[in-house]
Amino acid sequence: MKNVSILGSTGSIGTQALDVVRNHSDELKISVLAANSNDQLLEKQIEEFQPKIAVLSDESAYQRLKARFKSNSTELLGGRQAFIDAATFEDAEIVLTSMLGFAGLEPTLKAIDAGKNIALANKETLVVAGEIVIDRAIQRNVKILPVDSEHGAFFQCLQGEERKSIKKLLLTASGGPFRGKTKNDLQNVTVDQVLSHPTWNMGKKITVDSATLVNKGLEVIEAKWLYGVDYDQIQVVVHPQSIVHSMIEFCDNSIIAQLASTDMRLPIQYALTYPKRIFSTVESLDFWTINQLTFEKPDIETFKGLKFAYDAGKIGGTCPCIFNAANEIAVEAFLNGRIKFLEIYNLIEEVMNRREIFNKIDLETLINEDQIARSIAKTLIDK
C-alpha cells in the first residue's frame with residue numbers, strides 16, 4: 001500500500017487521480033488532500049477517502065468548510081502556508097503536484113526537501129525553476145515521475161535504456177482545435193471555440209494553452225530538464241489522433257513510441273504505482289479500427305507560443321519564468337473576455353521584451369520576477 005498526497009485534488013488532474021485511487025484501493029491510499037477554494041468538492045472527497053489532513057489554501061473557503069466540518073479522522077487546515085506544509089506530511093510516500101501555474105513551485109520544492117517522490121503534473125515547476133528542482137531532487141535522492149501524457153511516454157520509452165543514448169525526443173501535439181487555421185481565421189474566435197479541444201478533456205487554462213501551443217512549449221522546456229537534453233534534440237510533431245503520446249529516437253536511429261487511449265488516468269496511474277505496472281480501466285486500443293496515424297510539422301508562425309517557449313528556454317535564467325507569468329495573466333484575461341485570442345501572443349512577447357534577464361537564479365529571484373512580469377502584463381491589459 002502506497003500513501004499518496006494530492007496537491008490540487010479538486011482540479012482536472014486531481015479528480016482523475018482520485019479515480020485511479022478509487023479503482024486501486026488495494027494499492028493506493030490517500031494521506032493528504034489539498035485544494036485552493038472548492039470547499040464543496042473537497043468536502044465530498046474527504047468523506048470518501050478519509051485523508052489524515054485536508055487543506056484549503058483560500059482562507060474564505062477554509063472558513064466555510066470549517067463551519068460545517070464534522071470529520072473525526074481528518075484534520076482540516078487553511079491558508080497558503082498550510083497548503084505548502086501539507087507537501088511535507090510524514091506519512092506520504094509520493095506527492096502528486098497538480099495545482100496550476102507558478103503556485104506549484106514552492107510546495108514541490110518543500111516536498112522534495114522532505115524526501116518525497118514527486119508525481120509531477122505541474123509543468124510550470126520545471127519551466128520556471130528546472131535547474132533548481134532537478135539539482136535538489138538529485139541531492140535528496142528523490143524521483144521526479146512525470147504525469148503529462150507526453151513526458152510519461154518518454155519515461156516509459158526510457159525504461160531499460162540509457163539517457164546518453166537519446167538522439168531526439170519526438171514530442172507529439174494534437175494541434176489543438178485550430179490546427180490548420182491561419183491568423184485571419186483566428187481573429188475573432190470565441191472562448192467556447194478555444195475550449196472545444198478535439199481529443200483531450202482538460203481544465204480551461206491548459207485547454208487554452210493547447211490552442212496557442214504554449215502548452216507544448218512548456219513541455220519542451222520541461223523535457224529539457226527531465227531528460228537532460230539540449231533544445232535542438234527536442235522536436236515537436238503534430239499528431240492529430242493523439243494516440244502516439246510521444247517517441248524517442250535513439251543513437252542507432254531506432255524509434256520507440258508509447259501508444260494508448262487519450263485518457264490522463266493512465267500516465268497518472270503509472271506515476272503513482274511506479275515501478276509496478278498494474279491493470280487499468282482505461283480503454284484498450286483496437287488496431288482494427290484505427291484508420292490512420294498522421295504526423296505534421298507545427299505552424300509556429302501562426303501559433304507563436306511554441307516559438308516563444310523555445311526562445312525563453314534557450315535564453316534561460318529568468319526568461320522562462322517571465323514567459324510563464326505573462327502567459328498565465330494573458331490566458332486569464334482571454335477567458336474573462338478582456339483580450340482576444342491572438343492578443344495572448346502579443347502580450348507574452350511584449351512582457352518578455354520589457355524584462356532584463358538574470359542568469360543567476362534562486363527561489364527569491366524567481367518569485368520576484370514572476371510578480372513583476374504579472375504586474376507588467378496586467379498594466380498592458382488595462383491600457
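The values are calculated or read from the model by the stated rules, or taken from the named source; none is laboratory data. Everything numeric in this text was worked out from a predicted model, so none of it was measured. With ideal geometry, Cβ positions are generated from the backbone for all residues, glycine too; neighbour counts draw on all protein chains shown.
A few points about this structure:
- Residue check, Lys340 surrounded by fewer than 23 Cβ atoms within 10 Å (Cβ to Cβ) and either without any contact (Cβ under 8 Å) to a residue 12 or more places away in the chain or more than 23 Å from the chain's Cα centre (by Cα) (or both): yes
- Scope the stretch 56-94; condition assigned to a loop (DSSP other than H, G, I, E, B), out of contact with any helix residue (DSSP H, G or I) (no Cβ under 7 Å at 6 or more places or on another chain) and polar (S, T, N, Q); matching residues: Asn72, Ser73
- Here Gly101 passes the criteria (1) under 11 Å from the mean Cα position of the chain (by Cα); (2) buried (at least 24 other Cβ atoms within 10 Å of the Cβ) except the one numbered (2).
- Total residues in the stretch 95-132, condition modelled with pLDDT of 95 or more and assigned to a loop (DSSP other than H, G, I, E, B): 3
- Within the stretch 351-366, the residues that satisfy the criterion of being surrounded by 14 or more Cβ atoms within 10 Å (Cβ to Cβ), more than 16 Å from Glu332 (Cα to Cα) and touching a helix residue (DSSP H, G or I) at 6+ places or on another chain (Cβ under 8 Å) are Met352, Arg354, Arg355, Ile357, Phe358, Ile361, Leu366.
- Residue match in the stretch 197-205 (condition: under 30 Å from Gly79 (Cα atoms), out of contact with any Ser or Thr (no Cβ under 8 Å at 6 or more places or on another chain) and not assigned by TED's automatic domain parsing to the domain that holds Phe89): yes
- Residues considered: Asp185, Asp209, Asp135. Of these, the only one that is within 23 Å of Gly8 (Cβ to Cβ) and in a helix (DSSP H, G or I) is Asp209.
- Yes/no for Ile6 being in the same structural domain as Leu65 (by TED's automatic domain parsing) and at pLDDT below 95: no
- Residue among Glu162, Glu131 that is surrounded by fewer than 24 Cβ atoms within 10 Å (Cβ to Cβ) and farther than 21 Å from His245 by Cα: Glu131
- Selection status of Glu283, without any contact (Cβ under 8 Å) to a residue 24 or more places away in the chain and not in a helix (DSSP H, G or I): yes
- The listed residue being surrounded by 22 or more Cβ atoms within 10 Å (Cβ to Cβ), touching a helix residue (DSSP H, G or I) at 6+ places or on another chain (Cβ under 7 Å) and on the phi > 0 side of the Ramachandran plot, out of Gly152, Gly176: Gly176
- The residues on offer are Ile372, Ile315, and the sole one that is more than 21 Å from the chain's Cα centre (by Cα), within 29 Å of Val142 (Cα to Cα), β-branched (Val, Ile, Thr) and modelled with pLDDT of 95 or more is Ile315.
- The single condition among (1) farther than 24 Å from Thr379 by Cα; (2) buried (at least 19 other Cβ atoms within 10 Å of the Cβ) that Phe334 does not meet is (1).
- Residues in the stretch 1-42 that are closer than 17 Å to Glu75 by Cβ and part of a loop (DSSP other than H, G, I, E, B): Ser9 only.
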